[in-house]
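Structure record follows, encoded as structure tokens.
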Amino acid sequence: MPAELTGTFVTLDDGRSAVRFSRTYDHPVDRVWRFVTDPGELARWFPSRAEIDLRPGGTIRFAGDPNMPESTGRVLAVDPPRHLSFDWGGDELHFDLEEADGRRTRFTLTNVLAAEDTAARNGAGWEVCLAALDALARGETFTGSHAGMSAPWKEFYAGYLAAGVPSGAPVPGLG
């Protein structure tokens, strides 16, 4: 059975390519904001450990992925608890939170791509990471890896390829 894909390949108004994911969580916006900004919460679902100086121009330190070197990014915009965007390895990540009905939150992650051929690879990786976030939001423990080569991303990658999402970029940790 093929993996169920939740991401969408999009072209933004400014012409840049992106993959976008949306979820609705049974938590208020402030709680989902902590999933996105608190280093302890991020460590449970984000592909790298991330420590964020939560202000425009602030530094983000990324570490802990055995297939990627430690690096830094920069906060592009922050509007607590509704929006956070930062650069990471040439890409931009945008997290948008919107109140759904007073107790629920619509979460949207947009990965603006530095190169279009990374869409399938990144989409597959985010599928696994967001499955870990989904479990966290349900109060469950995600079993298995949500980042790196041991994460179950290959089935998602195959699904994105079959859907015609741009591909071809190298996959860190392979070859």
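The values are calculated or read from the model by the stated rules, or taken from the named source; none is laboratory data. The model shown is predicted, which means the values in this text are computed figures rather than measured ones. Counting neighbours? That spans all protein chains shown, and the Cβs are built from the backbone with ideal geometry, glycine included.
Annotations for the structure displayed:
- For Gly102, the stated conditions hold: it is assigned to a loop (DSSP other than H, G, I, E, B), exposed (fewer than 15 other Cβ atoms within 10 Å of the Cβ) and in contact (Cβ under 8 Å) with a residue 40 or more places away in the chain.
- Condition check for Asp96 on (1) within 22 Å of Tyr25 (Cβ to Cβ); (2) in contact (Cβ under 8 Å) with a residue 24 or more places away in the chain; (3) buried (at least 17 other Cβ atoms within 10 Å of the Cβ): one failure, at (2).
- Scanning region 120-137 finds no residues that are part of a strand (DSSP E or B), within 12 Å of the chain's Cα centre (by Cα) and either of a type in the set (A, V, I, L, M, F, W, C) or at pLDDT 95 or above (or both).
- Residues considered: Phe95, Phe86, Phe9. Of these, the only one that is in a strand (DSSP E or B) and under 22 Å from Gly139 (Cβ atoms) is Phe95.
- Residue, farthest from Arg106 (Cα to Cα), within region 1-51, restricted to residues that are surrounded by fewer than 16 Cβ atoms within 10 Å (Cβ to Cβ) and aliphatic (A, V, I, L, M): Met1
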